[in-house]
Amino acid sequence: MQSMEEMMKAAQEAAQKIQQQMNDAQAKLDNLEVEGNSGGGLVKVRASARGRILGVSIDDSLIVKEDKQILEDLVTAAFNDARTKADQKANEEMQEMQSGLGLPPGFNLPGMG
């Protein structure tokens, strides 16, 4: 039977391991890219899986003064599409990481939700 001291040490080591894996997962999410688009691909937004915007691409055909509101709406839609994809990718990565830790599905790690 383990002593209380041994159990506390094991719990602390497990917590440190989980924290390191969470840090690694967050770094991985920042390196994974998703691309949101709207207007049939006329406006594209690249983002990290953490939702950091990496770039915007607007087709030249949309740059018409009279269509400014349409362009603004398409950029907004592309941002939202990228954000949705970033959230999906982040959820997939977190589920993969949690299953690797043997945590039950739906278990929410502090700082990860």
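The values are calculated or read from the model by the stated rules, or taken from the named source; none is laboratory data. Source: prediction; values computed, not measured. Here the Cβ positions follow ideal geometry from the backbone for every residue, glycine too, while neighbour counts run over all protein chains shown. When the accessible area is computed, the model is the full protein with side chains, heavy atoms only, and any ligands, DNA or RNA have been set aside. Shrake-Rupley method; radii C 1.70, N 1.55, O 1.52, S 1.80 Å.
Residue-level check: of (1) open to solvent by less than 60 Å² (accessible area, probe 1.4 Å); (2) assigned to a helix (DSSP H, G or I); (3) at pLDDT below 85, GLY51 misses just (2).
What's the total number of residues in region 10-37 that are under 21 Å from the mean Cα position of the chain (by Cα) and either of a type outside the set (D, E, K, R) or closer than 22 Å to PHE79 by Cβ (or both)? Here the count works out to 18. Looking only at region 55-76, decide whether some residue is in contact (Cβ under 8 Å) with a residue 40 or more places away in the chain and under 22 Å from the mean Cα position of the chain (by Cα). No, because not a single residue in region 55-76 is in contact (Cβ under 8 Å) with a residue 40 or more places away in the chain and under 22 Å from the mean Cα position of the chain (by Cα).
Being at pLDDT 85 or above, farther than 26 Å from MET97 by Cβ, surrounded by 11 or more Cβ atoms within 10 Å (Cβ to Cβ) and not small (Gly, Ala, Ser) is a property that ILE58 has.
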